1. Work out how much length residue 264 to residue 166 would gain on full extension: take 0.36 nm times their residue separation and subtract the Cα-Cα distance, in nm to one decimal.
2. Subtract the Cα-Cα distance of residue 58 and residue 240 from 0.36 nm times their separation in residues, and report this length gain in nm to one decimal.
3. If you count, for each residue, the other Cβ atoms within 10 Å and average over each peptide, how do 314-324, 227-237 line up from highest to lowest?
4. Just to be sure I understand: if I project the alpha-carbon convex hull of region 93-295 onto a plane and average over all orientations, what area do I get in nm²?
5. Taking H placed 1.01 Å from N in the peptide plane, check which residues at least 5 places from residue 96 or on another chain put their amide H under 5 Å from its amide H.
6. Along the charge dipole of region 93-295, pointing to its positive end and built from +1/-1 on Cβ of Lys, Arg, Asp and Glu, which listed residue (173, 160, 225) has its Cα farthest out?
7. Tell me the relative contact order for region 93-295 as a rounded percent, counting alpha carbon contacts under 8 Å between residues six or more apart.
8. Based on the mean of other Cβ atoms within 10 Å per residue, sort peptides 268-275, 158-165, 283-290 so the most packed one is first.
Amino acid sequence: MQLFRFANPDFLYLLLLLPVLVFVFVYNELRRRKALSRLGEIKLVTTLIPESSPERHIVKFILQFLASAALIILLARPQFGSKLEDVKREGVEVIIALDVSNSMLAEDIQPNRITRAKQAISRLVDNLEDDRIGLIVFAGDAYTQIPVTTDYVSAKMFLSTISPAMVPRQGTMIGAAINLGIRSFTPGDDKSKAMIIITDGENHEDDPVSSASEAAGSGIVIHTIGIGSADGVPIPVLSSGRRDYLKDIEGNTVITRLDEDILRKISEAGNGSYVRASNSNLGLEEIFSQIRKMKKQEIESTVYTEYDDQFQIFAAIVLLLLFADFLIMERKNRRLANIRIFRFKI
C-alpha cells in the first residue's frame with residue numbers, strides 16, 4: 001500500500017480560480033455573440049468572415065484551462081510514499097478526557113464550552129511531534145473516541161465529530177472516564193503517562209477522586225481543566241426550531257456551575273495540577289508544558305519515510321497541452337482550409 005500526499009498543498013487553493021476563468025470565458029463569448037448579432041444573423045455574419053473559427057477559440061480555451069489545472073497540481077507536488085519504516089521516538093502518552101454532557105453547551109466560555117475545548121485540543125494536536133495522544137468522551141458513561149495514536153490527522157478528523165448528541169446517556173461520570181483511561185494506555189511501567197480531564201466538574205454519579213488515586217498508583221498523572229462559570233448559567237437548546245434553555249422535569253431552567261472543588265481534589269489525588277479555563281486561555285498548553293517535563297518513553301511507530309515526487313507526469317501534461325494550444329491558431333489558415341478538424345457547430 002502506498003500513501004499519497006501533496007508536498008505543497010497550499011497551492012491547491014489556486015484551483016478555486018478555475019471556475020472564475022470559466023465564468024470570464026463564457027461572459028466574453030456571450031458578449032462576442034451579442035456584438036455579432038447586431039451586424040446581422042450570426043451564421044450569415046460568420047460566412048462573411050471565412051477565416052474566423054469560433055470552434056478553435058473554444059478548443060484553445062479548453063486546452064489552456066486543462067494546462068492551468070495541471071500546472072496547479074504540479075506546483076502542489078504530488079507524492080507517493082514508497083517505503084515503510086519502523087521509527088523509534090521519545091515522547092509521552094497523553095489521553096484527553098472531554099466532557100460532552102449537555103452542560104458543555106453553556107456559553108459562559110465563547111462560543112460555548114465544548115467548542116472552545118475542541119479548538120484548544122486541535123491546536124495542541126497541531127504542535128505534537130513525537131508524542132502519542134488519545135481521546136475519551138464522557139457524560140453518563142465514557143467512550144474511547146480516539147485510541148492512543150501518533151496519527152494526528154485522524155485524531156483531528158475524529159475530534160471534529162464530537163458533540164453531546166454522540167453519548168446516549170447524559171450525566172457527568174468523571175470516574176468512569178478515568179477508569180477507561182487507565183485501561184487505554186499502552187501497558188508498561190513507564191512514568192510518562194498523563195491524563196487531562198476537561199469538564200465543568202458537575203459530577204453526580206461516581207467517585208472520581210478514588211479513581212484518580214488508583215490512576216496515580218499505576219503511574220498515571222491526572223490533570224484537570226475547569227471550564228465554565230462558578231456563578232452558573234443556563235444551557236441553551238433548540239426547541240421546535242427556536243432557541244430556548246434546558247429545563248428540568250418540573251419546568252425550571254437548569255443552571256450549570258463550575259465545581260472547582262472536585263476538580264482540585266481529583267488533580268491532587270492524581271499528582272497533577274488544576275487550571276481554570278478562560279475565554280482567552282483554556283489552559284491546555286500550560287498543562288502540556290508540565291507533561292513534557294516528564295520522563296519520556298521510547299515510542300515505536302510505522303511510517304512512510306520516503307516519498308517519490310510525481311510532478312513529472314503533470315509537467316509533461318502541461319507541455320503537451322501548451323504545445324497543442326500553440327499549434328492551433330485563432331484563425332483558419334487558407335492553405336489548410338480543406339483540412340477540417342473542428343466539424344462541430346456552435
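No lab work stands behind these numbers, since they all come straight from the coordinates. These numbers were taken from a predicted model, which means no experiment stands behind them. Quick reminder, even Gly has a Cβ in these numbers, built from the backbone with ideal geometry, and neighbours come from all protein chains shown.
1. Working it through step by step, the gained length comes to 32.5 nm.
2. Additional length available on full extension: 60.3 nm.
3. Packing order, densest peptide first, comes out as 227-237, 314-324.
4. Details: hull surface 43.7 nm².
Reported value for the Cα convex hull: 10.9 nm².
5. Residues meeting the amide H criterion: 134, 135, 136, 196.
6. Comparing the listed Cα positions along the dipole, 160 ranks first.
7. On the way: 432 pairs, mean separation 46.3, N = 203.
Dividing the mean separation by the residue count of region 93-295 yields 23 percent.
8. 268-275, 283-290, 158-165
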